[in-house]
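Trainee: Please see the structure below; I have some questions.
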Amino acid sequence: MQIPPARIEQLKSLYKTAFGYELTDEEAQTQGLAIMRQVAIRHFDILAQKGDTNG
């Protein structure tokens, strides 16, 4: 899975604003995918707490 270039640029900009560090495109891909995994895990945890495991 690849994050589209426009979204990578947004992530790089947000990251620089928040942390003062410029990510490379590769670093932004890695960070972006990690964020997406974390959001997915949290989403499934919330669904499981509600008893809805069908997504």
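Trainee: Would you mind stating whether Asp45 is farther than 22 Å from Pro4 by Cβ and of a type in the set (Asp, Glu)?
Mentor: Yes.
Trainee: Filter the range 14-54 down to residues that are of a type in the set (Asp, Glu) and open to solvent by 80 Å² or more (accessible area, probe 1.4 Å), then give me how many there are. Break it down into steps so the answer makes sense when it comes.
Mentor: Initial filter on the range 14-54 (of a type in the set (Asp, Glu)): 22, 25-27, 45, 52.
Applying the additional criterion that residues be open to solvent by 80 Å² or more (accessible area, probe 1.4 Å) yields 22, 25-26.
Total satisfying the criteria: 3.
Trainee: Residues in the range 5-24: is at least one in contact with a Gly (Cβ under 6 Å, 6 or more places away or on another chain) and modelled with pLDDT of 95 or more?
Mentor: Yes, because at least one residue in the range 5-24 is in contact with a Gly (Cβ under 6 Å, 6 or more places away or on another chain) and modelled with pLDDT of 95 or more.
Trainee: Another one. Out of the residues in the range 14-55 that are part of a helix (DSSP H, G or I) and among the charged types (D, E, K, R), state the one that is nearest to the chain's Cα centre (by Cα). Write out each step before concluding.
Mentor: To start, the set of residues in the range 14-55 that are part of a helix (DSSP H, G or I) comprises 14-19, 25-50.
Then drop every residue that is not among the charged types (D, E, K, R), which leaves 16, 25-27, 37, 42, 45, 50.
Values: Lys16: 15, Asp25: 14, Glu26: 14, Glu27: 12, Arg37: 7, Arg42: 12, Asp45: 17, Lys50: 24 Å.
Checked the range 14-55; the qualifying residue nearest to the chain's Cα centre (by Cα) is Arg37.
Trainee: On to the next question. How many of the residues making up the range 1-13 are assigned to a loop (DSSP other than H, G, I, E, B) and either open to solvent by 70 Å² or more (accessible area, probe 1.4 Å) or of a type in the set (Asp, Glu) (or both)? Lay out the reasoning, then the answer.
Mentor: Narrowing the range 1-13 to residues assigned to a loop (DSSP other than H, G, I, E, B): 1-4.
Remaining after also requiring either open to solvent by 70 Å² or more (accessible area, probe 1.4 Å) or of a type in the set (Asp, Glu) (or both): 1-2, 4.
Residues meeting the conditions: 3.
Trainee: Here's another thing I want to ask about it. Output yes when any residue across the range 32-54 is of a type in the set (Asp, Glu) and modelled with pLDDT under 95, and no when none is. Can you show your working first?
Mentor: Just the residues of the range 32-54 that are of a type in the set (Asp, Glu), to begin with: 45, 52.
Still in the running and modelled with pLDDT under 95: 45, 52.
Scanning the range 32-54 turns up at least one residue that is of a type in the set (Asp, Glu) and modelled with pLDDT under 95.
The values are calculated or read from the model by the stated rules, or taken from the named source; none is laboratory data. What you see is a predicted model; the values in this text were computed from it and never measured. Methodologically, a virtual Cβ is constructed for each residue, glycine included, from the backbone with ideal geometry; neighbour enumeration extends over all protein chains shown. Side chains are part of the model used for accessible areas, which takes the heavy atoms of the whole protein and leaves out ligands, DNA and RNA. Shrake-Rupley method; radii C 1.70, N 1.55, O 1.52, S 1.80 Å.
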